[in-house]
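Step one of this worksheet: look at the structure below.
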């Protein structure tokens with residue numbers, strides 16, 4: 001099945017943002033505060049994810065997998081915006097500190113299944129993880145009405161989106177787009193009846209896959225545009241001068257093209 005003209009236009013925009021931002025992803029700031037340290041990794045991770053989305057959209061039947069990856073980009077972008085809203089340095093530090101908690105939970109999961117972490121092939125320093133976990137476990141253990149749980153943010157993505165909306169960090173249009181993209185991506189990410197039914201009819205699946213392809217390109221490109229803006233801003237704050245003005249201009253031009261086609 002041939003892609004529609006609109007889908008091919010979206011592919012071109014994705015190609016343009018990938019080409020424009022690749023030099024930025026290769027740049028590693030010498031002046032790193034806690035938030036910028038996290039943002040560098042998130043930014044590179046998402047550029048590679050968008051490359052994956054773009055690759056999948058070359059085949060019209062792989063739209064579901066592309067949209068699944070777009071959900072990953074939405075979650076990363078929402079988390080970055082939430083860190084900025086709540087105090088980016090503090091939240092970035094908490095995010096990094098959660099590593100030992102996450103790894104300790106993985107160790108406990110393996111042990112509960114009778115798997116020896118030392119021979120699991122995951123290359124985890126068990127002793128170090130357990131020692132580090134004991135130092136921070138109280139910081140990351142929270143109580144809710146349903147009992148105790150652990151999280152670096154003390155919240156989840158859905159609640160982040162809600163708070164970003166109620167605090168005005170996301171306007172009404174952004175909130176609607178982010179929530180819709182997140183829901184559609186979750187349909188692809190988790191086993192659910194709504195998504196499975198689509199695969200029961202070949203014609204419906206082809207049509208749905210084409211739509212998922214367009215959605216993945218829109219959401220993936222939009223997330224990369226927003227992350228690029230944030231990354232350039234943080235580099236400017238760190239260095240006290242405008243850097244990558246040429247990339248900022250290219251990003252703005254792509255954003256204007258997307259708005260014109262919306």
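What follows draws every value from the coordinates through simple rules; no lab data is involved. In this text the structure is predicted, and so the values were computed from the model without any measurement. Quick reminder, even Gly has a Cβ in these numbers, built from the backbone with ideal geometry, and neighbours come from all protein chains shown.
So how do 101, 51, 5, 115 line up by other beta-carbon neighbours within 10 Å, fewest first?
5, 115, 51, 101
Taking the inverse of the average 1/r across all pairs of different Cα atoms in the stretch 1-83, what Kirkwood radius in Å do you get?
On the way: mean 1/r = 0.0711 Å⁻¹.
Here the Kirkwood hydrodynamic radius works out to 14.1 Å.
Alpha carbon centre of the stretch 189-243 versus the stretch 23-55: separation in Å?
The stretch 189-243 and the stretch 23-55 have Cα centres separated by 16 Å.
Let me have the relative contact order for the stretch 42-114, percent, based on Cα pairs under 8 Å that are six or more residues apart.
Working: 25 pairs, mean separation 15.2, N = 73.
Computed over the stretch 42-114, the figure is 21 percent.
Within 10 Å of each residue's Cβ, count the other Cβ atoms and sort 54, 105, 177 from fewest upward.
Details: 54 21, 105 12, 177 16.
With the sparsest Cβ surroundings first, the list reads 105, 177, 54.
Assuming R0 = 30 Å, can you tell me the calculated FRET efficiency for the pair residue 134 and residue 176, based on Cβ-Cβ distance, to the nearest 0.05?
For R0 = 30 Å, the calculated efficiency reads 0.10.
Extending each Cα 7 Å along its Cβ direction at residue 249 and residue 61, get the distance between those two points in nm, one decimal.
Each label point is offset 7 Å from its Cα along the Cβ direction, giving 4.5 nm.
If you find the alpha carbon centre of the stretch 65-103 and of the stretch 130-165, how far apart are they in angstrom?
13 Å
Explain nothing, just the number: relative contact order of the stretch 99-150, from Cα pairs under 8 Å at least 6 residues apart, as a whole percent.
Relative CO of the stretch 99-150 lands at 36 percent.
Evaluate the Debye formula for the stretch 99-150 with equal point scatterers sitting on the alpha carbons, no solvent, and hand back log10 of I(q)/I(0) at q = 0.12, 0.20, 0.29 Å⁻¹, in q order, two decimals.
Listed by q, the Debye log ratios stand at -0.30, -0.72, -1.10.
Give the relative contact order (percent, whole number) for the chain; include only Cα pairs under 8 Å separated by 6+ residues.
34 percent
Please give the calculated 222 nm ellipticity per residue for the chain, where each DSSP H segment of at least 4 residues contributes -39500 (n - 2.57) and the sum is spread over every residue; nearest 500 deg cm²/dmol?
Details: 11 runs with 193 residues, N = 262.
Estimated from H runs of four or more residues: -25000 deg cm²/dmol.
Taking neighbour Cβ counts within 10 Å as the exposure measure, how do 194, 205 sort from fewest upward?
Taking fewest neighbouring Cβ atoms as first place, the list is 194, 205.
Using a basic spin-label model with each label point 7 Å from the Cα along Cα→Cβ, how many nm lie between residue 119 and residue 257?
Output for this residue pair reads 5.6 nm.
Given points 7 Å out from each Cα along the Cα-Cβ axis, report the residue 239 to residue 30 separation in nanometres with one decimal.
Taking the two extended label points, one gets 1.1 nm.
Using 1/(1 + (r/R0)^6) with R0 = 35 angstrom and r between the beta carbons of residue 44 and residue 143, what's the FRET efficiency to the nearest 0.05?
Efficiency, rounded to the nearest 0.05: 0.50.
Working only with C-alpha atoms, what are the Rg and Dmax values of the chain, expressed in angstrom?
My reading of the Cα-based Rg and Dmax gives 20.2, 57 Å.
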